[in-house]
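To start, the structure under review is shown below, and the notes come after it.
FYI, it's all coordinate maths here, none of it is from the lab. Quick caveat: nothing in here was measured; it's all calculated off a predicted structure. Quick reminder, even Gly has a Cβ in these numbers, built from the backbone with ideal geometry, and neighbours come from all protein chains shown.
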Number of protein chains: 2
Amino acid sequence: MSIDSTRLTVTPIGIIHSPFFQQEGAPIQPYSAKGVEGSVEVYAPYAEGLADLGGFERVWLVYWFDRACAAKLRVLPQWETREHGVFATRVPARINPIGLSPVRLLGVEGTTLHVAEIDILDGTPLLDIKPYVPEYDAYIGLRVGWLDDAAIARGPLKADGRFSKE
Amino acid sequence: MSIDSTRLTVTPIGIIHSPFFQQEGAPIQPYSAKGVEGSVEVYAPYAEGLADLGGFERVWLVYWFDRACAAKLRVLPQWETREHGVFATRVPARINPIGLSPVRLLGVEGTTLHVAEIDILDGTPLLDIKPYVPEYDAYIGLRVGWLDDAAIARGPLKADGRFSKE
């Protein structure tokens, strides 16, 4: 099979709030967002699913890049001089525009998560929350392909808006 | 707003192959799958998006839990005696059944990724591939809530199939 035309549907379980209203100027990845706080509002019908989440120090937010431009297969990441395949980058211009951020969890109050180190745009639809478990998720000292040659791109970064809708 | 009825659609960009044909007996998380090899077939129209992926040692596979049971808000993880909110666990019975596994990338050959440490069922629809970047993704020494008290659940595990469809 060379393509699959199955269409699967997801629905927002909440909405993310942050100080960033547009891609331009927003931090790239949580490690570029030290000191930045935001919140996540989980919709009431899903409240029970948050039980015991407060004990985790960090959570994965899985969300929809609702303001990303259309998917591209080759992209030019910021401060990079060569294009790379989109699946070799973390840019939002993806075939399925699913974002993934490991943010710090400051606390859970009812259906509100208070979070820090948030790199997500205000108003972004939330699809899932998963606890960050170092045994499952943390791998250090890995080869990182073209990023190994792009030292400048590995420090904290702010987006210039090149993958924004319109 | 207490709920959002927006329906967003995703479409498979490929299919995952592994030695696991059912949930029962499959490893839980890549760290339970040492030595297990599998592959990922990316559909031909997306081939160009794989350029330069081969330089990364590990990749995130984002996929659809196509054989998970219906979503539950409270779940009883294996070898645990108390229920927890689904968002405080990594079980597949999620509102949006999106899975996330950081697998080892052995190589890329055309549109095939050879991978190891794979905990995903054979035939699973692939939604996205992202490079694993330790600066973005690796956090160690974190509090992990109820898992801190469930030491047995933190060693390598095989699934007993309790979150399987039917």
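Quick notes on this structure:
- The dipole here belongs to chain A: it is taken about the Cα centre, uses +1 on the Cβ of Lys and Arg and -1 on the Cβ of Asp and Glu, and is about 600 debye.
- Per-residue Karplus couplings for region A:63-80, computed as 6.51 cos²θ - 1.76 cosθ + 1.60 with θ equal to phi - 60°, are listed in order as 8, 9, 6, 6, 10, 7, 5, 4, 4, 10, 8, 10, 9, 10, x, 4, 6, 10 Hz, Gly and Pro entered as x.
- For the residues of A:73-79, the average number of beta carbons from a partner chain within 10 Å of their own beta carbon is 2.
- The protein assembly as shown - Rg and Dmax from Cα coordinates, angstrom: 18.4, 53
- A simple rule links phi to the HN-Hα coupling: the Karplus curve 6.51 cos²θ - 1.76 cosθ + 1.60 with θ = phi - 60°, which for region A:95-111 gives 4, 10, x, 9, x, 8, 9, x, 9, 7, 9, 8, x, 10, 10, x, 9 Hz, with x for Gly and Pro.
- Distance distribution P(r), chain B, all Cα-Cα pairs, bin width 10 angstrom from 0: 10, 36, 36, 17, 2 percent.
- Net charge of neighbours whose Cβ lies under 14 Å from the Cβ of B:PRO97, counting Lys and Arg as +1 and Asp and Glu as -1: +4
- In this structure, the amide hydrogen of A:LEU126, modeled 1.01 Å from its nitrogen in the peptide plane, lies closer than 5 angstrom to those of A:ILE13, A:GLY14, A:ILE15, A:ILE16, counting only residues at least 5 positions away or on a different chain.
- Within chain B, helix-based [θ] at 222 nm, where runs of 4 or more DSSP H residues each add -39,500 (n - 2.57), nearest 500: -500 deg cm²/dmol
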